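For reference, the structure is listed below as structure tokens.
The values are calculated or read from the model by the stated rules, or taken from the named source; none is laboratory data. Only a predicted model underlies this, so the values are computations on that prediction, with no experimental measurement involved. Every residue, glycine among them, receives a Cβ derived from its backbone with ideal geometry; neighbour counts consider all protein chains shown. Ligands, DNA and RNA are stripped out before the accessible areas are found, and what is left, the full protein with its side chains, is counted by its heavy atoms. Shrake-Rupley method; radii C 1.70, N 1.55, O 1.52, S 1.80 Å.
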Amino acid sequence: MDLTELRGKYIEAVARAADEAALEEVRLAALGKKGEISAMMATLGKMDPDQRKAAGAAMNVLRDEIDAALRAKKAGLADAALNERLKSEWLDVTLPGRPRPRGTIHPVSQVMEELTAIFADMGFAVAEGPQVESDWYNFDALNIPPEHPARQEHDTFFMHRDASDPRPPHVLRTHTSPVQIRAMTEQGAPIRVIAPGRVYRMDMDQTHTPMFHQVEGLCIDRDISMANLKWTLEEFCRAFFEVDKVELRFRASHFPFTEPSAEVDIRYSNVNGQLRIGEGDKWMEILGSGMVHPKVLAAAGVDPDAWQGFAFGMGIDRIAMLKYGIPDLRAFFEGDLRWLRHYGFAALDMPDLPGGLSR
Ligand code: 2NL
């Protein structure tokens, strides 16, 4: 083959190579150690000097020309491969982020935090205690006699005991009062504490659950009176319900652990199912309260001739529903949208739901 034919053969082979592997094969066939161009150049040694000078120059030109074509083609193939990758791997960094569903604090926990902060401003510390209590702390210390209905098997969860077990009965606490008995016993008087937490009663129907949340408050000092109780509760309700005007009604009542005792109602209205606190002509019972019974002070090691004070208790689930405008416990369980919304229920974020469900 002469130089012109070789040039034609390899320039065309370079042009046809579809990828870098095929191109490398062409390079080896032409310029590799055993390549055709290399073999031809090896014949220069047998030529006489004049012939070699002319043939050598022509062969160098051909070799350089094929080498240049190989390099150019290689760069072209690499470019094409990169373009191919850029086509499939592109990323639009200007797209908005994908929103992730987020949870929110449970309304009962939120309300506990709110009321803890409000009472903290009035000098009340938070006390905590066990949910499984001895019947002494849960009942006896609170002047609840053995024949009281709450101490019969049907109102209270009793811990299982073998007949031979000598320990006194233990119960799931039915109120957080035992926490305050423990606090008084440990700290003595004066004392200002609230005790928020879970309580248990054997009650399950449309308006009751066997576990619910309660907050109790206790304030003992030298001359604490019902007037201090009234101011404390009014101040709490103003802050908690975020209204300037609240009206409370104290009704004489009876609890074994307070004397005198009062149940407290709050004025409200119900306008098309929307509850408004502080206005209207309806009254709703929100808590029980009274002056701590001398026997209860004595049971907690506080001298009733030197100290006196008030106590109160209210259901957190109930005041949480009141604050969020939920009419009753059934709405709590049946997925009232206001609760679902509070929980951050993702389906409510869909823009085109029928019935005005979207935010
Ligand atoms: C209610 C009534 C009440 C108390 C709780 C209490 C605690 C101690 C001493 C005296 Cl350590 N009393 N707590 C007092 C009156 C009422 O709760 O209806 N709760 C939901």
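One table, with the values for the structure above:
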item	result
Carbon + sulfur, % of accessible area of the chain - ligands and nucleic acids excluded, 1.4 Å	54
Tail beyond 32 Å, pair distance distribution of the chain (Cα, percent)	56
Approximate spin-label separation Asp67-Glu12, in nm, with each point projected 7 Å along Cα-to-Cβ	2.5
Asn228-Gln131 pseudo-label distance in nm [points 7 Å out on the Cα-to-Cβ vector]	3.3
The chain: calculated mean residue ellipticity at 222 nm from DSSP helix runs of at least 4, using -39500 (n - 2.57)	-12500 deg cm²/dmol
In degrees, nearest ten, helix 107-121 long axis to first principal axis of the chain (Cα)	60
Helix 3-16 vs. the chain, principal-axis angle (Cα, 0 to 90°, nearest 10)	20
Gain in span if fully extended, Ala39 to Arg85, counting 0.36 nm per residue against the direct Cα distance	12.6 nm
Paramagnetic label zone (point 7 Å from Cα along Cα-to-C-beta, Arg198; backbone N under 15 Å) in region 132-149	132-133
Accessible area expressed per residue, region 152-269, with surrounding protein chains retained (probe 1.4 Å, Å²)	52
Calculated FRET efficiency for the pair Thr207/Ala120, C-beta based, R₀ 41 Å, to 0.05	0.85
